[in-house]
Amino acid sequence: MIKRSKIMGRQYWKHAGVGVVAAALLYMILINLGVAGGVLWLRGDSGQKWVQTRLNAMTEQSGFKIDFAHFSYSFPQGLSVSGLSVADENGVVAELDMVTFRPKILPLATRHAELSVTADHVILHRLPQSESPASQKTAPNAQGFMPFAMPDLYFNRFSLNDVSIARLDIGAGVMGRPLVLSPDLYATLKAEDDVASLDMRLSVGSQSPEFPLPDDIRLRADLNAQSLIAGLSEFYIKGGAYDVTGAGQIDLKKNGLLDLRFDAAIDDLKPLSGHDGSLHVTARAGGTIDQPALNAEGRLAMDLLRLRGLGDIDFLLRMDDPAAIQNGHLQVESQYQGRTIEIAADITRAEDQIMFDSISGQAPDIAVTGQAVLGLDHHVVDGRFDVDVADLKSYSELAGFALDGSGNLQLNLKNSSGVQEMSAQAKLQQLMYRNMRAKSVNFTAYFPDVKMVFPGRLSADAQDIFLTPDVRLSSVKANIEDNENDEYHLKTIIKGVAYRGFNLNGSMDFSGVRAQKTAAKNIDIDLLFAQSHLGVSGEISKEKMNINAALSDFKIASIPADIPAQFAEIILNGDIHMTGAPSMPVIQADINSAPFSAIKHVRMTMQAAGGYQDDRAHMDFSFDGTGIDRFDGTFQMPMHLSFDPFVFDMSGAAGAAGGEIYVDARADHLSALLLPPGHRLAGDIKAQAALSGPLFAPDIAGTLQWRGGTYFHERLGAAFYDVNLDADLNKDHIRLSRLQANDGDAGMLEGTGRYDFFDKAGTDIELIMKNFHVVDSQRANGYASSDLRFQGRGQNGYLLSGDVVLGRFDVAIPERFQTSIAQLNVVEENSAGATSSYMDTFALDIDVRANDQVFVRGWGLDGEFSGDLDITGTISDPRVHGDLTSKRGRYEEFGRRFELERAGLRFQGRVPPSPYLDILATSDVGDIAASVQLSGSLQDPSIALSSVPSLPEDEIMSRVLFGRDMNTITPFQAVQLKNTLERFSGNGGGGFDPLGALRSVTGLDDIRVDNDDAGNASVGVGKYLTDKVYMELEQGAGAASGAASIQVEVTPTINVETEVGQDAQAGGRVLWHWDY
């Protein structure tokens, strides 16, 4: 029996358990059937109307309207709503899509409501713009709150296990910039006995790292319904760089005590401000809820401000005596460059406003006074502030840029029916801001609402504004008037100089500033440069534009830029018309020139027409005039242009480029257009080319011919005659099939090769010169032979390499010197030209060999040099290294011949200043050995005198110049002495050089006149018979004083010299030398 009873007991509990589970399942099924049935009804027309009616009734008093597309319900997914929107009278506030509510069924039996909510996408466009009517304004509860009983609800606990939004878009109107979040919320609300408690945690899930939102927010609070004490046991906001914590309690009864404390710490301000620093604030609210007291203090420390002289900023706010007339005080303190900065104000708290009395601020050279009243109903200020600035210069360090000036600023604030009005007046003198300087700036402005971008009225007047060294605005006057309804009228008058004087008069009406849909109409702008006129008129908005720009007798020289001389006199007339939307403009232009002269006695005209539409630009142009049979072309290219937002992109536009150009004209007329001054062409040029394919890798086909041509470089005196050039353009390269030229004599130039437009490695051009007259200027005149190769180096640019052998070269030393002798110190200024970044891609590797016949003359030096040079660097910045040393020569100055001890030209980098002189010449003058040393660069040489035994330079000069009686010098010596004294006195110029003139006429390489101590004169001449053979003849005044010598260069280091006198006496010698 006992055993049977146990078995029956087990069966009973088994059946009971099954019954409970069955009942629970039945319970869940019935609830789900009930919910499903309800949802099915709600999804019908009658249910949808009922829900919409209930929602409208619930939100009628709030000013909001809630709409939805449809419901759906499935188990266990829950209830889903799609197409949910919340709107007010100004439009949609928020949109929610696929919001799903998932209630848990089983906890309902334990009086516990659990719910999770998910949403795929929520968009918060803006914050609601609702304003409570004044009649709804409630007076403070004089009796405080009264104890109450907790409502007797079935549920004593409500939990949001998870409120998750996959994507929350917050519009720019909410936080000032668009934000993207993925928030999760967990919360539990419990009501047990007389205590309600809330435990909430929010994970923000920011996807906008540029905005310093917190990562987590935590709140734990409770309220006792009988004692009316609310406690905040835990509160924190944690972000990546900051923490805010709080705790305390509030007694909600009449005169209940208030005790709250909050601490905020930002140990790293860089994510918030972009600069290293920290901020710590402690705030405590005490007193009673009827008369609260507030105390706050903190410190702001910024590393950047410390580096710029500003100390840490301490601030203190105290409102701890509510019953007093002045029950608070605000104080801010710091230091700048060791001087005190202080801002202070007394605070009075009334029922609906806070008054800031006796506001005063003191800082170095700045004083601030004022008073203000803050209305608590609309948080708008009534008040006035005066700022006097004695000198802004000391704040340049703090600002980080140049700052200067003095003046006064008056600011008036007014509460206009809850709207913040502001007016300002400023008078500034000798203002400097960065690189801008202004003699005076005065303005008055009125803002009917400080939230407006533009003032309702503005009047500004500035004098002598220097924007850059080349741009000066002598007078600027501007006025803005509010035409109401967010429309403004702007008028401005500007006079100034931008390379050239100009006047600008302009006016327009613009609107849509507050709505961020700015539009302008009635545009009327006149810009005058001397007699040149540019007029702009029309209208523009975000949707469309109609702008006309007209050029009337517009001289290109009027443009505020450096204009090439050949274009300076061109006068343009024409129109530019822009229509369409600013984001997709349509442009048409038609420009033509009045007849102009690019070179003397040659008149020509230019016409151009073009435009832009649908991501494609086109242009047609032509030139007509004397010597131009045909010069015209057309060009089309893909590009993307937008004015709003501004975009100019030629790389991403789809489509092919295309175009043609034809030239049949005199080269001298074309060179006047295409080449800078100092370069001249002649001959006949014919060219034609066609372009197609992608813009940055086009196919180019065409030909170029230059017949009977001449090229002349004025500065170098280089000339190329009988130029004949043939070239073919084929897809991506130009092939030079023939280049021939001569120098007008025996010199010749030849070249062939290929230049690749896109693949630098495909470029290979060879140039050969033979005995070519490469330079003929005041400083140099000479010949050279070369074998050069111009090759591409892939991504590294190009290389010009090869060998150059100098023929006869004459180099003249300038007739000015730097010297330690004061009266001889004349310096010639030499300015280096700007280098070109493009020319920097052309590298050099050239070996230059000068075997002999490099003659350097000037300032008494007459020497022949030889040597080797290496040229590296780039075409825009060549570097020359090496030495030229003297083979023979002399130095004649002060009416005396000096023997060369050493003579060299040293190259060590850029030319100029290279080469550098290293020349020492000596002569015995009585009982001293006088030396003259030439040093410094060839462009700016210097001279120094020394002697053995050592004497002052003025004493050496006296010995050298007057070693013999002035009455006994020869007439020829008198001429030389006169020229020498003129040069050394700083009067410049070598005067008449009879030997130089005679050498030039006869073609001799050397002519000299010598005198011995007895006054006997002799004349010597020298001439290269071949490159290796030099002959020298000398004839004196006495009998048998003539001689002849021949020098033969056997090798670069061995010379054979023979000499025959007039008495038939002969001699010979072998000379060997070694350069090291």
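Only the coordinates and a few stated rules stand behind these numbers; no lab work does. Keep in mind the model is a prediction, meaning the values are calculated, not measured. Neighbour counts are summed over all protein chains in view; Cβ atoms, including those assigned to glycine, are modelled from backbone coordinates with ideal geometry.
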How large is the charge dipole for segment 633-775, taken about the Cα centre, if only the Cβ atoms of Lys, Arg (+1) and Asp, Glu (-1) carry charge, to the nearest 20 debye?
200
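Computed FRET efficiency, Cβ-Cβ of residue 410 and residue 584, R0 60 Å: what is it to the nearest 0.05?
0.80
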What distance in nm lies between label points placed 7 Å from Cα along the C-beta direction at residue 526 and residue 567?
2.8
So how far apart, in nm, are the two label points at residue 777 and residue 236 if each is 7 Å from Cα heading toward Cβ?
7.8
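So how do 207-215, 875-883 stack up, highest first, on mean other-Cβ count within 10 Å?
Sorting 207-215, 875-883 by mean packing, highest first, produces 875-883, 207-215.
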Listing 788, 431, 674 from the residue with the fewest other Cβ atoms within 10 Å to the one with the most, what is the order?
674, 788, 431
Taking θ as phi - 60°, what are the ³J(HN,Hα) couplings along segment 191-201 by the Karplus curve (6.51, -1.76, 1.60), each to the nearest whole Hz, with x for Gly and Pro?
10, 10, 6, 9, 10, 10, 10, 10, 10, 9, 9
What residues have an amide H closer than 5 Å to that of residue 215, excluding those fewer than 5 places away on the same chain, when H is modeled at 1.01 Å from N in the peptide plane?
238, 239, 240
